[in-house]
Amino acid sequence: MNRRTLFAACLALPAAAARAHHGWSSFDLERPLFLEGRAAKVAWRNPHVELELEVSADPRLPADLATRTLPAQQASVDGAALLKAARLPTRRDRRWMVELAPLTRMQAWKVPEIRNGDTLGVLGFTFAGERGEAVLRAEYLWVAGGGVYGLRSGPA
């Protein structure tokens, strides 16, 4: 590889990384979705923890979801309203890519490392109209054993 090609490739890396990591603006924050299932593939890394969640063929909202207690976060999040508005996705994908928080935030919440096969519940947001890939940006995470974590910011 010559010097010019290497230089051009290095210049392109930040743009590619920025395009691959998107913010909250592309997600429909008016439609919180609830998913529950088993972690099928976990990537415990930056820029944020990601996992593939294998959901049930017959998903259901937990009967107590709207009344669950949520932890306080540094960010202003109306968790109670999100729980009351939560719904199941209309699409029937069996696997969803779930974007959790950055590692530093996961550590601040003391989230135990998620492993393949762990049972999880996630409340979050997908793209407007549920278009595109089956991606959920997590707002709250429930792990087996009763732990619940807010992921928008650090604990209050």
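As a summary of the residue check, Cys10 satisfies the conditions (1) under 18 Å from Leu151 (Cα atoms); (2) at pLDDT below 90 except for the one numbered (1). Pull out all pairs, ordered by first then second residue, where Cβ-Cβ is under 6 Å, the residues are six or more apart or on different chains, the first lies in segment 115-129 and is within 15 Å of Arg60 (Cβ to Cβ), and the second is small (Gly, Ala, Ser) and at pLDDT below 95. Note: pairs meeting the criteria are Thr119/Ala144. Selection of segment 143-156 for residues being of a type outside the set (Gly, Ala, Ser) and either surrounded by 20 or more Cβ atoms within 10 Å (Cβ to Cβ) or touching a Cys at 6+ places or on another chain (Cβ under 9 Å) (or both) yields Tyr149, Leu151. Residues in segment 99-139 that are in contact with a Gly (Cβ under 6 Å, 6 or more places away or on another chain), buried (at least 18 other Cβ atoms within 10 Å of the Cβ) and of a type outside the set (Lys, Arg): 3 in all. At least 3 residues being in contact with a Phe, Trp or Tyr (Cβ under 8 Å, 6 or more places away or on another chain) is the threshold, and among the strands (runs of 3 or more DSSP E) wholly inside segment 60-156 those reaching it are 119-125, 135-143, 148-150.
The values are calculated or read from the model by the stated rules, or taken from the named source; none is laboratory data. A quick note: this is a predicted structure, and the numbers were derived from the prediction, not measured. Because the Cβ atoms are built from the backbone with ideal geometry, glycine has one as well, and the counts that use them run over all protein chains shown.
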